[in-house]
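Take a look at the structure set out below.
Bear in mind these aren't lab numbers, they're just calculated from the coordinates by the rules spelled out. It should be emphasised that the depicted structure is a prediction, and the values quoted were computed from it without experimental measurement. Here Cβ is always computed from backbone atoms with ideal geometry, including for glycine, and neighbour counts include all displayed protein chains.
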Protein chains: 2
Amino acid sequence: MDNGSGVGVLDKSVAVLAALSEAPCSLAELVLATGLARPTAYRLAVALAHHGLVDRDVEGRFVLGSRLSEWAADVDPWRARAQDAVLRLRDETGESAQVYRSSGDGRLCIASAEPPHGLRDTVPVGALLTMKAGSAAQVLAAWLNPAARGLMLEGAAYSADRLAQVRRRGWAQSLGEREAGVASISAPVTDGVGTVIAAVSISGPIERLAQPTPKQRQALLDAADQLSQPPPGS
Amino acid sequence: MDNGSGVGVLDKSVAVLAALSEAPCSLAELVLATGLARPTAYRLAVALAHHGLVDRDVEGRFVLGSRLSEWAADVDPWRARAQDAVLRLRDETGESAQVYRSSGDGRLCIASAEPPHGLRDTVPVGALLTMKAGSAAQVLAAWLNPAARGLMLEGAAYSADRLAQVRRRGWAQSLGEREAGVASISAPVTDGVGTVIAAVSISGPIERLAQPTPKQRQALLDAADQLSQPPPGS
DNA sequence: TACTGACGTCTCAACATGTGAGACGTCAAG
DNA sequence: CTTGACGTCTCACATGTTGAGACGTCAGTA
């Protein structure tokens with residue numbers, strides 16, 4: 001598996017932070033958890049500590065630093081909620097989960113989570129996918145005004161009848177539409193005035209998701225419903 | 001000002017994240033905000049995006065990524081609260097603020113915030129300071145049991161009478177005790193059974209803090225009180 | 001329409017920086 | 001006392017980072 005960003009120092013530093021997100025670590029534990037040479041692990045941890053991304057606890061272990069909390073407070077709250085939702089949805093359904101928004105001619109993946117192993121569909125955050133195929137595309141298209149919907153249907157893998165069905169039952173399904181062997185189901189996320197602003201999806205191998213279980217469908221609809229509510233405290 | 005961690009790529013990447021914590025940025029804005037060359041800013045932003053620390057919004061701008069929120073959820077909640085508290089305290093008092101815990105023979109700074117400019121006292125998170133001088137040391141010593149307190153008083157800049165005063169009025173002050181020209185006031189943070197577990201402090205030039213205002217003192221006591229309460233929701 | 005400038009993305013040789021084997025001091029256990 | 005594990009630091013050199021510049025796209029202006 002190639003997990004490299006192209007900037008080696010960053011990859012290693014992220015490995016340090018990911019290890020510390022699991023548990024506080026002594027240097028020796030950090031070396032084990034990251035596989036880095038000891039001086040490298042030490043140097044990067046100290047450098048991260050300099051910037052507040054890592055701290056030391058009273059026992060001298062490295063722990064995640066509070067600057068992460070400061071920055072997290074500046075993460076777009078909607079984006080953070082979407083990520084929470086897909087993590088939960090993945091755990092409840094056992095499949096990959098994503099949230100998409102319309103972006104230009106496509107749909108942008110703004111949150112994504114997948115099972116840790118086994119056969120699964122991988123869509124990275126930031127991926128721009130087609131609006132012409134896939135259950136999320138159907139959801140984002142189904143509630144457009146008729147003129148925009150007509151434009152969207154040109155060259156699409158789905159039909160006007162299919163979009164009418166999506167509107168009636170409130171969720172969409174696709175089987176191998178965007179990518180062979182991949183099935184997905186999606187539901188709309190709406191804003192305060194009922195406008196569809198995003199689609200939340202689960203996707204996986206067609207053998208498993210051709211017949212989504214009632215539990216999976218309910219989890220999807222619940223996630224869409226929660227994301228459609230105003231955030232707590234507002 | 002030398003703000004280098006010793007690892008240049010990390011310093012630059014932190015500059016990118018700090019810029020994005022202020023506002024979403026196009027690449028051009030990121031170049032202006034960070035002073036990095038355009039290809040460098042681009043490459044680091046894309047690498048950070050690969051790891052989920054940065055995302056792209058629907059307009060293509062770089063924004064902070066939701067992995068920060070995931071990791072922030074793993075930051076020790078007490079540590080995150082302490083950092084919130086010192087940020088607030090700094091804003092309310094106009095002085096530097098810190099939270100200290102006992103650690104070995106010293107006191108460890110676990111949260112710190114300072115005014116953006118002007119004459120101020122700088123104590124970095126992770127700094128291990130003496131228990132023999134300073135208002136925070138007085139607070140951490142004042143409520144020790146008599147045997148431990150007696151040991152702590154040996155060689156200390158403060159007296160037993162001073163510690164009795166601290167216990168009576170509930171806060172401590174020091175004038176140039178730890179460092180010439182620096183004054184500070186501190187108050188105790190207690191746990192559920194009244195044990196002092198930390199000291200919260202404001203510090204600054206002696207000219208300003210020799211006579212703390214009633215507002216500054218109240219803000220300090222309020223911060224200590226809030227940190228002494230159980231976290232919301234528990 | 002053509003031109004210009006700004007933008008984002010990518011290349012690649014130069015060289016600056018990151019790396020880790022190993023040194024060193026401390027501490028705990030046998 | 002010896003040994004091994006730990007954390008911290010050094011420094012030669014291999015590698016990774018860098019940014020001037022190239023390139024394509026787009027929008028604004030003459």
Inspect segment A:8-21 for any residue being under 30 Å from B:A198 (Cβ atoms), away from DNA strand C (no atom under 16 Å from the Cβ) and under 20 Å from the mean Cα position of the chain (by Cα) and give the result as yes or no. yes
For segment A:22-60, name all the residues that are at positive phi and within 12 Å of DNA strand C (Cβ to nearest atom). A:G35, A:G60
Here are some residues: B:V86, B:V63. Which one is in contact (Cβ under 8 Å) with a residue 40 or more places away in the chain, within 28 Å of the chain's Cα centre (by Cα) and within 14 Å of DNA strand C (Cβ to nearest atom)? B:V63
Checked against (1) at the interface with another protein chain (Cβ under 7 Å from one of its Cβ atoms); (2) surrounded by fewer than 16 Cβ atoms within 10 Å (Cβ to Cβ); (3) within 11 Å of DNA strand D (Cβ to nearest atom), B:V9 satisfies every condition except (2)
In segment A:165-184, is there at least one residue being within 21 Å of the chain's Cα centre (by Cα), surrounded by 12 or more Cβ atoms within 10 Å (Cβ to Cβ), assigned to a strand (DSSP E or B) and among the β-branched types (V, I, T)? yes
Out of (1) more than 16 Å from DNA strand D (Cβ to nearest atom); (2) part of a loop (DSSP other than H, G, I, E, B); (3) closer than 30 Å to B:Q98 by Cα, what's the single condition that is false for A:W71? (2)
Is segment A:22-30 home to any residue that is part of a helix (DSSP H, G or I), at the interface with another protein chain (Cβ under 10 Å from one of its Cβ atoms) and either touching a residue at least 40 places away in the same chain (Cβ under 8 Å) or not β-branched (V, I, T) (or both)? yes
Selection from segment B:37-62 of residues assigned to a helix (DSSP H, G or I) and more than 8 Å from every other protein chain (Cβ to nearest Cβ) yields B:R38, B:P39, B:T40, B:A41, B:Y42, B:A45
Which residue, of A:L17, A:L36, is touching a strand residue (DSSP E or B) at 6+ places or on another chain (Cβ under 9 Å) and among the hydrophobic types (A, V, I, L, M, F, W, C)? A:L17
Scanning segment B:25-35 for residues that are away from DNA strand D (no atom under 12 Å from the Cβ) and surrounded by 18 or more Cβ atoms within 10 Å (Cβ to Cβ) gives B:C25, B:L30
Would you point out the residue of segment B:1-21, among those that are assigned to a loop (DSSP other than H, G, I, E, B) and among the aliphatic types (A, V, I, L, M), that is nearest to A:H51 (Cα to Cα)? B:V7
Could you check segment B:74-86 and list, in sequence order, the residues that are facing another protein chain (nearest Cβ under 7 Å) and either outside any helix (DSSP H, G or I) or surrounded by fewer than 19 Cβ atoms within 10 Å (Cβ to Cβ) (or both)? B:D74, B:V75, B:D76
